[in-house]
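S.K.: Structure in structure tokens, see below.
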Amino acid sequence: MRSISRFPALATGLTLLGTLAASAQSAAPASLTVQVNKPGAAVNKNMYGLFFEDINFAADGGLYPELVKNKSFEINPGLIGWKALGGGFNLDAYAVRNEQGISQNNTHYLRLTTRNGGTGEAGIENEGFRGMGVKAGEGYNLSFYARRGAGSIAGLTAVLVGEKGEVLAQAPIMLNGEGWQKYTSVLKPNATHNKAHLKLVVNGQGTVDLDVVSLFPQDTWNKRPNGLRTDLVQLLKDMKPGFLRFPGGCIVEGRTLSERYQWKETIGDVASRQPLINRWNMEFKHRSTPDYYQSFGLGFFEYFQLSEDIGAEPLPILNVGMACQFNSGELAPMGTASATKGGPNAPTANTGDPSLDIFIQDALDLVEFANGPASSPWGAKRVAMGHPAPFNLKMIGIGNEQWGPQYLERYEPFAKAVKAKYPTIQIVSSAGPSPDGELFDKASKRLGELKAEYVDEHYYALPQWFREHADRYDKYARTGPKIFAGEYAAQSVAIGSPENKNTWDCAISEAAFMTGLERNADVVGMASYAPLFANVDAWQWTPDMIWFDNLNSYGSPSYYVQKLYALNKGTKVLPVTMPDGAKNGTDNLFASAVADEPAGDVVVKLVNYSSSPRPVSINLAGAKGLAKTGRAQVMASADLQTQNSLAEPKKLAPQESTFAVKGSTLSYTLAPNSFTVLRVAGKK
């Protein structure tokens, strides 16, 4: 990547204001009025949230910190992630088998037979998820099941090795007893490595069976045994998100209905959860990842738990009886036990998949799992997993990104059944993958007639689109369904292009668009950037909000834009009059304002999409008792191509300073290409 310069005044604090004021003194200030004394619509307390999808190795290899790939040998072919030491020279045989496995849900295991008279190491090695990130001196819990066969194998030695084969930690483990036995140890590496591997070396000659090989960091969020990666959860919690939408995204649908996400298969004993092919593993030829599977170590219980941990409302999205329409478009029938292909002409080939009633029952059971008492069948399963209190689920999504009459005819009985049993549960519906067009218009109209509570709108487009459509919701009727801007992100090159980057141009354009979301909080109830996570070594889609490798992570400029909105969302919209009564966005100046009633503050957000500094004069009409100084948080860069990285994680992040307030007026000079949040304390 070419050298990227930053706006030099970012690090100079108050000096920035003087420099910009001097350079802009010849320009008359743009006059804005914020009607502090005429508060408008309430801002949803959960307005800005998170969209999680298992794409880009976001779960396995990311948020879920299990270091062993394919730990149970259930993935077909069963040796994905594994290889024999020395190419298997000292092994007489090694193969995945399924006779007398550990359980009905975990039938496959690995059988190793050492070669008589062989020299050197005999055993197996796991590569992890593009390597294993380990830290010096920290503990990693090793566990596996083993069953000794014929011969004299007395034990195994577990060895953590670095990229050059250097030994980082090792532990001998004696095998004893008959049948399957669980063995545990703790490995503490002597050095930090981003791409370590785990070796299991057989001691002795004979046969041994292995299964459920796990290496799990002790340092997890809240120190849970099956916990999540601490730095990634911290980045989420720091945003104070209003909601967490999960588990996707297109993986909810699956390429076929048999590959759909089934939440009931993701709870209970972690070792018994059966992996599933991830829809994204072969979706893009330019980013083919045939080893990308979902282990479901991060399942619905863990998603609910994560929501609780970060203070977000859980928003699970459920399959509506439709496979991804970009793939097979397979449909669950309305009332029989077979399914049909749901492409453009909707042929009627039977595939033996469940009817829509099964999908509806899954939704009803999910509400019971989340909220039901211990005396209920599904509530009892939650309690058995260690969470006696309800998760207080208030919303569910019916379908991810479906469109057309096939979706609407399934949505209606689905929503009716949920409301009949759980009338207080709010439902999120889908307007499809595009923000306009005939299918979008028909879906929006019909969902309005059905009195849908939230309609999920998605938009991926060039940065210019976001700036040009900051007035999108000015035009919406003030009655009808609320809008959930459930997936959006500016694309620097083109939708789905592997060349897309998380540039400042993208992020500042999103900030401009979000002024329109905030100004229309009576229409827009929730919003979330997408996708959330991406592994720098194993991504399928870009741009993304948070990037990471096996040890480190950083927020993109878009992350900090989202964070600034979430931390400054306020409670009531304050009307803003732009200079000369122009519409928001004229001359690339964007603004919105809110009152933060509990804090007694007025918050003004401004975007200057210009290469020149821009002085503004802001009249806080009707405000009384304002403080004499305010606090500014500014993101700015003269180079719109600026990006953050693992090497420079905060190259572009908010910079704080103070400014003067005179009576109910403040004067401020906006930096070139800047997003600025001004906060002024007033009477509570």
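S.K.: At q = 0.15, 0.23 Å⁻¹, what is the log10 ratio I(q)/I(0) for segment 373-441, with the Debye formula run over Cα points and no solvent?
M.R.: Calculated log10 I(q)/I(0) at the listed q: -0.65, -0.99.
S.K.: Can you list residues whose amide H is under 5 Å from V186's amide H, if they're 5+ apart or on another chain and H is modeled 1.01 Å from N?
M.R.: Residues meeting the criterion, in which the H sits 1.01 Å from N, are L142.
S.K.: Within segment 138-190, which trypsin sites (Lys or Arg not before Pro) sit in a loop by DSSP and count at most 11 neighbouring Cβ atoms inside 10 Å?
M.R.: K164
S.K.: Next question, about the same structure. Sorting W539, W378 on the 10 Å Cβ count, fewest up front, what's the list?
M.R.: Taking fewest neighbouring Cβ atoms as first place, the list is W378, W539.
S.K.: Still on this structure, I have one more. What residues have an amide H closer than 5 Å to that of T220, excluding those fewer than 5 places away on the same chain, when H is modeled at 1.01 Å from N in the peptide plane?
M.R.: When sequence neighbours closer than 5 places are left aside, there are no close amide H contacts.
S.K.: Using the Karplus equation 6.51 cos²θ - 1.76 cosθ + 1.60 (θ = phi - 60°), what ³J(HN,Hα) coupling, rounded to whole Hz, does each residue of segment 406-416 give in order, writing x for Gly and Pro?
M.R.: Each residue of segment 406-416 in turn: 4, 5, 4, 6, 8, 4, 4, x, 4, 5, 4 Hz.
S.K.: What does segment 82-217 give for Rg and for Dmax, in Å, if only its C-alpha atoms count?
M.R.: Cα radius of gyration and Dmax of segment 82-217 are 14.5, 40 Å respectively.
S.K.: Could you compute the longest span of the chain free of GluC sites (Glu not before Pro) located in DSSP loops and having at most 11 other Cβ atoms within 10 Å, not counting the site residues?
M.R.: 179-498
S.K.: Continuing with the same structure: Modelled label-to-label distance, A95 and A494, 7 Å Cα→beta-carbon offset: nm?
M.R.: 4.8 nm
S.K.: While we're looking at this one, here's another question. Residue by residue through segment 165-182, which ³J(HN,Hα) values in whole Hz follow from phi under the Karplus form 6.51 cos²θ - 1.76 cosθ + 1.60 (θ = phi - 60°), with glycine and proline marked x?
M.R.: Residue by residue, segment 165-182 yields x, 5, 6, 9, 6, 8, 8, x, 10, 7, 9, 8, x, 10, x, 5, 10, 8 Hz.
S.K.: Which value, in debye to the nearest 20, describes the size of the charge dipole of the chain about its Cα centre when Lys and Arg Cβ atoms bear +1, Asp and Glu Cβ atoms bear -1, and nothing else is charged?
M.R.: 1600 debye
S.K.: Please give the calculated 222 nm ellipticity per residue for the chain, where each DSSP H segment of at least 4 residues contributes -39500 (n - 2.57) and the sum is spread over every residue; nearest 500 deg cm²/dmol?
M.R.: -5000 deg cm²/dmol
S.K.: Karplus couplings for segment 213-222 from phi (6.51 cos²θ - 1.76 cosθ + 1.60, θ = phi - 60°), rounded to Hz, Gly and Pro as x?
M.R.: Using θ = phi - 60°, the values come out as 7, 10, 10, 10, x, 6, 7, 10, 4, 6 Hz.
S.K.: Starting from the Kirkwood Rh over alpha-carbon pairs, what translational D in µm² s⁻¹ does the chain have by Stokes-Einstein at 10 °C and 1.306 mPa s?
M.R.: 59 µm²/s
S.K.: Which residue, chosen from V208, Q274, N502, occupies the Cα position most advanced towards the positive end of the dipole of the chain, where the dipole is computed from +1 (Lys, Arg) and -1 (Asp, Glu) charges on Cβ about the Cα centre?
M.R.: Value computed over the given set: N502.
S.K.: Using +1 at the Cβ of each Lys and Arg and -1 at the Cβ of each Asp and Glu in segment 618-684, identify which of T642, A621, N673 lies farthest towards the dipole's positive end.
M.R.: Final value for the positive-end residue is A621.
S.K.: Related question: How long are the semi-axes of the ellipsoid equivalent to segment 502-651, from square roots of 5 times the Cα gyration tensor eigenvalues, in whole Å, largest first?
M.R.: Each semi-axis is √(5λ); the values are 30, 17, 15 Å.
Read-outs: derived from the displayed coordinates by stated rules, not from any lab. Keep in mind it's a predicted model, so treat the numbers as computed, not measured. Cβ sites come from the backbone with ideal geometry, for glycine too, and all protein chains shown count toward neighbours.
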